[in-house]
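Encoded as structure tokens, the structure appears first; notes follow it.
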């Protein structure tokens, strides 16, 4: 402990500016008298910013002051001997030193500072690496994910960004959107970039959390989820138009899902039609191919905002999972043709939670002047 010099007024030195600043931080800017907790830098009625704080000494800075003793001078600017207080309680403890003893005040100070520290520690959000996945939709719409909006969404979910720039994965192809060459090209490019840009992160941080922000064709988002898999900690986000944000719009369950089974003929050629963002007319599916059975999973409330919360997403997944079980165990199908009208969150989860050793192979279709086949999940086309 550094010994303070006695001033001409028979008091120890005034606490340094840095000591006062540290004390304010420890106290959270509030009176440390037990049960008070008054904000000291804003008026509680007018909300005017001001300074109502007093620096109170536990052991007075003068031997003749309240609770003063032979150590008063050397303790006068020590932070462990100082309390942040409102004017009323500063006067109260100094007018009644026999009631507000050194030990009692020290206990008040310690307990309040421990409580402030615990509250602030709860705000230490875990980190999540932001992954921005961008690819032109139907080879026409150039898209960009706004990094600031992704940061806002991650923090709203209780995380801090793991880096100040995130990871950007951009996929392009000059091939015709409906051609097999296009999908072979973008699928290969996606696999390469995930291996290069994301797997390298896991090699450095095996327990890394990811936050996925995709604006891309639905089949590519399914493929991204499939590549990343369900063995890692990953959160999916989706873009809302009104308001313009990536933040989930609710914490409640706001939608429900049901399924119709249409048996056309005997056989195991299965189509799974998912109508969430819009309602798919089944005639558009039968125009593509002849199917023995068509399952039609529908949202009660269609639209671009059909999935507004994580609970909505989980409710969809439970319905989807029950269909997959029926296709596998009842229909005994080895392959599913998927016709989706779905938001990005559902697309990602369909790919991420796909289990190749459990569920049939999947052909994913997209719509552009009619449905056409894009990528495969779980096996090659001619297997």
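The values are calculated or read from the model by the stated rules, or taken from the named source; none is laboratory data. Bear in mind that the values here come from a model prediction, so they are computed numbers and not experimental data. Here Cβ is always computed from backbone atoms with ideal geometry, including for glycine, and neighbour counts include all displayed protein chains.
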Go through (1) out of contact with any helix residue (DSSP H, G or I) (no Cβ under 7 Å at 6 or more places or on another chain); (2) more than 20 Å from residue 350 (Cα to Cα); (3) modelled with pLDDT of 95 or more one by one and return the number of the condition residue 201 breaks.
(3)
So which residues in the range 127-157 are in a helix (DSSP H, G or I) and surrounded by fewer than 18 Cβ atoms within 10 Å (Cβ to Cβ), if there are any at all?
147, 148, 149, 152, 155, 156
Residues that are over 27 Å from residue 331 (Cα atoms), at least 3 per element: which strands (runs of 3 or more DSSP E) completely within the range 189-273 meet that?
210-215, 234-236
From the list 307, 270, exactly one residue is in contact (Cβ under 8 Å) with a residue 60 or more places away in the chain, surrounded by 21 or more Cβ atoms within 10 Å (Cβ to Cβ), more than 18 Å from residue 347 (Cα to Cα) and in the same structural domain as residue 336 (by TED's automatic domain parsing). Which is it?
270
Name the single residue, out of those in the range 224-241 being within 13 Å of residue 198 (Cα to Cα) and touching a helix residue (DSSP H, G or I) at 6+ places or on another chain (Cβ under 7 Å), that is surrounded by the fewest Cβ atoms within 10 Å (Cβ to Cβ).
229
For the range 99-117, which residues satisfy the criterion of being farther than 29 Å from residue 63 by Cα and either outside the structural domain of residue 72 (by TED's automatic domain parsing) or surrounded by 15 or more Cβ atoms within 10 Å (Cβ to Cβ) (or both)?
116
Mind checking which residues of the range 162-193 are surrounded by 16 or more Cβ atoms within 10 Å (Cβ to Cβ) and over 21 Å from the mean Cα position of the chain (by Cα)?
171, 173, 177, 178, 182, 183, 185, 186, 187, 189, 190, 193
Do any strands (runs of 3 or more DSSP E) lying entirely in the range 320-381 carry at least 2 residues that are without any contact (Cβ under 8 Å) to a residue 60 or more places away in the chain, under 33 Å from the mean Cα position of the chain (by Cα) and over 20 Å from residue 234 (Cβ atoms), and which ones are they?
361-367
Which residues, taken from the range 274-306, are closer than 28 Å to residue 236 by Cα and in a strand (DSSP E or B)?
274, 275, 295, 296, 297, 298, 299
In the set 124, 172, which member is assigned to a loop (DSSP other than H, G, I, E, B), out of contact with any helix residue (DSSP H, G or I) (no Cβ under 6 Å at 6 or more places or on another chain) and within 30 Å of residue 84 (Cβ to Cβ)?
124
Hey, residue 312 hits all of (1) in contact with a strand residue (DSSP E or B) (Cβ under 7 Å, 6 or more places away or on another chain); (2) over 17 Å from residue 223 (Cβ atoms) but one; which does it fall short on?
(1)
Would you mind stating whether residue 89 is in the same structural domain as residue 23 (by TED's automatic domain parsing), in contact (Cβ under 8 Å) with a residue 40 or more places away in the chain and surrounded by 17 or more Cβ atoms within 10 Å (Cβ to Cβ)?
yes
